[in-house]
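Have a look at the structure below, then the notes.
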Amino acid sequence: MQDLLTINIENNTELGPVVSSRTVAEELGRQHKHILEGIDEMIKKSTADISALLIPNQYRASNGKRNREYLLTKDGFTIYMFNIQGHNDFKLAYVSRFNEMEEQLKQQYQVPQTPMQALEMMFSVQKEQQEFNKRIETEVTGIRHIVGIETKNWRNDTNKILGAIAQHLGGGEKHKTIRMEAYKLLEEKGRCKLEQRMNNRKAKMLSKGATKTQINKLSKLDVINDEPRLIEIYISVIKSMAIKYGVDISQFEQ
């Protein structure tokens, strides 16, 4: 993991800790315009309002020209990074640093007025630090698990995560709603139509003498499984949804 002291996160007076899309581009070794295009597309396609997490901004270049950038909050950074493959150390290091800065901001405005208050604050800070460290450990462990989803067990892992998201949102009909959202995002990113692929697959099964029961058992996951490219995209979609909805991903540890 990167040295947290070298991580370039700005403490914006209005927004709190943010990281510039220029920094993301530099860290990933990509052109800034491609990072901007990726964020533009993500905001356009998102079913939720994430504009408060990815804030448009301008900076003055060395030639004096004002160019656009995005300022990413912790949640905005997390959502963006889990839409791309790899760079796991970079992701985890920045999330940890964001959390550390948030904790520091909470504590810096607490000024004791008496020796007793100072003593109470000292014990309180120690307790909060212990709880903070525990939360960070849990969060990073959970993120490592989601980052580490492999295609070998993708159906089981993604089903668990979608189930947890649905329960987090109240259960019941949310299970169907969340799965439909996942399929819709997959179709957008993968430029495919799952229903059409299912119909083609059923027709092929019927021509080969498959029974009605066998045909009816065919699911969209079976269709996704036919193409490795769609599996990778589907895993990426589920990762993003897990972060967006803030589920307790530590529960997926084996």
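Filter the range 1-32 down to the residues that are modelled with pLDDT under 85 and within 17 Å of G76 (Cβ to Cβ) and list them by number.
I7, N8, I9, E10, N11, N12, E14, L15, G16, P17, E27, L28
Looking at this structure, is M180 loosely packed, with under 15 Cβ neighbours inside 10 Å and either at pLDDT 90 or above or hydroxyl-bearing (S, T, Y) (or both)?
For M180, the condition - loosely packed, with under 15 Cβ neighbours inside 10 Å and either at pLDDT 90 or above or hydroxyl-bearing (S, T, Y) (or both) - is met.
For the range 60-74, does any single residue satisfy the condition of being at negative phi, touching a Leu at 6+ places or on another chain (Cβ under 9 Å) and modelled with pLDDT under 80?
no
Consider I35 carefully, then state whether it is in a helix (DSSP H, G or I), modelled with pLDDT of 80 or more and under 24 Å from L185 (Cα atoms).
yes
If you scan the range 162-173, which residues turn out to be buried (at least 18 other Cβ atoms within 10 Å of the Cβ) and farther than 19 Å from D222 by Cβ?
Within the range 162-173, A164, I165, A166 qualify.
For A242, are the conditions met, namely being in contact with a His (Cβ under 8 Å, 6 or more places away or on another chain), under 25 Å from M42 (Cβ atoms) and crowded, with 19+ Cβ neighbours inside 10 Å?
no
Would the range 57-75 turn up any residue that is within 16 Å of the chain's Cα centre (by Cα), part of a helix (DSSP H, G or I) and surrounded by fewer than 20 Cβ atoms within 10 Å (Cβ to Cβ)?
Among the residues of the range 57-75, at least one is within 16 Å of the chain's Cα centre (by Cα), part of a helix (DSSP H, G or I) and surrounded by fewer than 20 Cβ atoms within 10 Å (Cβ to Cβ), which makes the answer yes.
Of the residues I136, I146, only one is at pLDDT below 90, part of a helix (DSSP H, G or I), under 30 Å from K44 (Cα atoms) and not assigned by TED's automatic domain parsing to the domain that holds K244; which?
Answer to the selection: I146.
Would you mention how many residues in the range 185-194 are outside any loop (DSSP other than H, G, I, E, B) and in contact (Cβ under 8 Å) with a residue 24 or more places away in the chain?
6
The values are calculated or read from the model by the stated rules, or taken from the named source; none is laboratory data. What you see is a predicted model; the values in this text were computed from it and never measured. Every residue, glycine as well, gets a Cβ built from its backbone with ideal geometry; the counts of neighbours run over all protein chains shown.
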